[in-house]
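A quick write-up on the structure given underneath.
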Amino acid sequence: MITTPDNDNNFDGPMIFIIIGKGYESEASEGIDLHILLQAPDDDTAVREALNALAEEGFIEADLDQIGMLTEIPAEEPHASAYQGAVDGEVAIIRFN
């Protein structure tokens, strides 16, 4: 996995993205609100890896609404442990029911 930023930003730490959206496990489901945290070299790669992780978790469709880069370590759970997972190379999916 490429961990070096793929742009001209001189960011010192790993590039941890947060993607906010909704995932659907069936065609009849209302959808589950999601926050996805992962490390990627750019936003295109982040979206692609997020969609692959959602497919592996059984989601058949996803609406991804926002993407951003975290510049600080979250202090509160569940985002704090999800951030650490992303730093370790995992794709962390937080579900809100």
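The values are calculated or read from the model by the stated rules, or taken from the named source; none is laboratory data. Since the structure is predicted, the reported quantities are computational estimates derived from the model, not experimental observations. In this analysis, Cβ positions are derived from the backbone assuming ideal geometry, glycine residues included, and neighbour counts consider all displayed protein chains. Keep in mind that these areas ignore ligands, DNA and RNA; they rest on the heavy atoms of the full protein, side chains included. Shrake-Rupley method; radii C 1.70, N 1.55, O 1.52, S 1.80 Å.
Please specify each residue of segment 53-97 satisfying the condition of being over 11 Å from the mean Cα position of the chain (by Cα) and of a type in the set (S, T, N, Q). Thr71, Ser81, Gln84, Asn97 - these are the residues of segment 53-97 that are over 11 Å from the mean Cα position of the chain (by Cα) and of a type in the set (S, T, N, Q).
Where in segment 13-75 are there strands (runs of 3 or more DSSP E), lying wholly inside it, with at least 2 residues that are within 16 Å of Glu90 (Cα to Cα) and either touching a Gly at 6+ places or on another chain (Cβ under 9 Å) or open to solvent by less than 30 Å² (accessible area, probe 1.4 Å) (or both)?
Values: elements: 16-24, 32-39, 61-70.
Once the strands (runs of 3 or more DSSP E) in segment 13-75 are filtered for at least 2 residues that are within 16 Å of Glu90 (Cα to Cα) and either touching a Gly at 6+ places or on another chain (Cβ under 9 Å) or open to solvent by less than 30 Å² (accessible area, probe 1.4 Å) (or both), what remains is 16-24, 32-39.
Please determine whether any residue of segment 69-90 is under 11 Å from His35 (Cβ atoms) and hydroxyl-bearing (Ser, Thr, Tyr). Yes, the conditions are met somewhere in segment 69-90. Of all residues in segment 76-89, which are surrounded by fewer than 16 Cβ atoms within 10 Å (Cβ to Cβ) and within 23 Å of Gly31 (Cα to Cα)? Correct list: Glu77, Pro78.
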